Amino acid sequence: MEATRHVANFGAGPAKLPRSVSAAGEALQVYGFVIHSLSFFHVAEMSHRTSDFSKIIKTAENLLRELLNIPENYKVLFLQGGGSGQFSAIPLNLLGLKETRYADYVVTGAWSAKAAKEAEKYAKVNIVHPKLASYTKIPDPSSWNLNPEATYIYYCANETIHGVEFDFVPDVKGALLVCDMSSNFLSKPVDVSKFGVIFAGAQKNAGTAGVTAVMIREDLLGFALKECPIVLDYKVQVENASLYNTPPCFSVYIMGLVLEWIKNNGGAAAMDKLSTVKSQMIYDLIDKSNGFYVCPVEKKSRSRMNIPFRLGSIKGDEALEKKFLDKAVELNMISLKGHRSVGGIRASLYNAVTIEDVQKLAAFMRSFLETHQS
Ligand SMILES: Cc1ncc(COP(=O)(O)O)c(C=O)c1O
């Protein structure tokens, strides 16, 4: 128990939970209404048709509305199927808005590429910029070739694998904007009214795997294609308050606790400041390492959530990287290995990762550099 408490988890998701949330039993009192048994298992076993679960899901919704200042004309859903389920749900729910079935996609990394590929099953997909040779930047929006016939424009706010993050909301001149915010959700305030749909899997910044939050403007409901699976049909789920089928009750509960933790720690604005401080600590070190640590992402598109980097050179010295990872584990810093498709190292600095965790990582990176720089 003692050992696990001091492990710093830099995993990309499922990721670290705030300590107050993962400190099991005590958390059950947090909502301020009585849950009969002082055990997490009570929630895991709870029927989704009970009044206790209604309170849990309503509490989570209210907290989310408060934290992101979600306008009243937006519905909030808690669904199964993950971000990947939403890659299908988006075209299936929105393409019916227009006859043409065109959709615009901005592809800045592996996740938006997957979303575009899934959409191709239902839509004529237009990638709005020339294909990128590598996912290391956001193509300048002034060069995007938007199709005026497109039903919506889709982008991923933070590419978890490649470490590319939008620090702006694209100005699409009133067109319908859709965003995957899975990996930078609640790391900063966001003007929800600029979007038609936002979705985010909880397992990075907002809880555990199993639940995906969807925020949708209500005038967009009711246009699902007939082939849309009923569990992905936003209108059906709105009419059933996310309870058309069994929701991931336990994950919704944990998400509520994390939302409450965010609220008690200053909300999205405070998370924003912390994210800048934490990520700057690592980027500064990388940039001052004389090429020992190399982050391939263009400075202005660097993610504050996921920092991918190589050791030795931009291609990486795999033997040195293995040494780095082994030593990190020895020092109780885990899940720093880069995604298998890109290799190298990736430090994920989600909301629950503390300044102290990041200071520990930075100190280790500094001493590793001093020992191994030739
Ligand atoms: C940005 C982003 N979108 C979508 C997904 C897919 O989520 P899921 O695995 O829950 O389907 C991920 C997963 O890591 C992600 O990072």
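The values are calculated or read from the model by the stated rules, or taken from the named source; none is laboratory data. Please read these numbers as outputs of a predicted model, since none were measured by experiment. All Cβ positions, glycine included, derive from the backbone under ideal geometry; neighbour counts span all protein chains shown. These area figures cover heavy atoms from the full protein model, side chains too; ligands, DNA and RNA do not enter into them. Shrake-Rupley method; radii C 1.70, N 1.55, O 1.52, S 1.80 Å.
Quick look at the numbers
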{"read-out": "Relative contact order for the stretch 191-332, counting Cα pairs under 8 Å that sit 6 or more residues apart, in percent", "value": "13"}
{"read-out": "Local electrostatic count at Lys322 - Lys and Arg +1, Asp and Glu -1, tallied over other residues with Cβ under 13 Å", "value": "-1"}
{"read-out": "Sequence of His339, His6 from largest to smallest accessible area, 1.4 Å probe", "value": "His6, His339"}
{"read-out": "Cross-link pairs Lys273/Lys327; Lys188/Lys235; Lys327/Lys360 - those with Cα-Cα distance over 21 Å", "value": "Lys273/Lys327; Lys188/Lys235"}
{"read-out": "Largest to smallest principal axis extent of the C-alpha atoms in the stretch 181-228, angstrom", "value": "33, 25, 11"}
{"read-out": "Rounded, prolate or oblate (a/c below 1.5 giving rounded, otherwise prolate when a/b exceeds b/c) for the stretch 84-149 by Cα gyration tensor", "value": "oblate"}
{"read-out": "Value of [θ]222 nm, deg cm²/dmol, for the chain, DSSP H segments ≥ 4, -39500 (n - 2.57) each, nearest 500", "value": "-10500 deg cm²/dmol"}
{"read-out": "Sites Lys288 and Glu66, calculated FRET efficiency, Cβ-Cβ separation with R0 41 Å, nearest 0.05", "value": "0.55"}
{"read-out": "Ranked by how many other beta carbons lie within 10 Å on average, peptides 223-235, 95-107, 136-148 from highest", "value": "95-107, 223-235, 136-148"}
{"read-out": "Diffusion constant of the stretch 213-309 at 25 °C, which comes from Stokes-Einstein with the Kirkwood Cα-pair radius and 0.890 mPa s, µm²/s", "value": "141"}
{"read-out": "The chain, relative contact order [Cα under 8 Å, separation at least 6], %", "value": "23"}
{"read-out": "Gain on full stretching of the segment that runs from Gln80 to Asn240 - 0.36 nm per residue minus C-alpha separation", "value": "56.2 nm"}
{"read-out": "40 Å tail of the calculated P(r), the chain, as % of Cα pairs", "value": "15"}
{"read-out": "Two-site label geometry, Glu120 and Lys327: point separation in nm, points 7 Å out along Cα→Cβ", "value": "4.3"}
{"read-out": "Ile334/Asn145 FRET efficiency (R0 56 Å; Cβ-Cβ; nearest 0.05)", "value": "0.85"}
{"read-out": "Relative compactness, the stretch 101-206, computed as alpha-carbon Rg over 2.2 N^0.38 Å", "value": "1.00"}
{"read-out": "Set of the stretch 190-214 residues, backbone N closer than 12 Å to the point 7 Å along the Cα-Cβ line of Val169", "value": "190-198"}
{"read-out": "The stretch 304-374 and the stretch 189-240: distance between their alpha carbon centers, rounded to Å", "value": "34"}
{"read-out": "Dipole magnitude (debye, nearest 20) for the chain, charges at Cβ of Lys, Arg, Asp, Glu", "value": "520"}
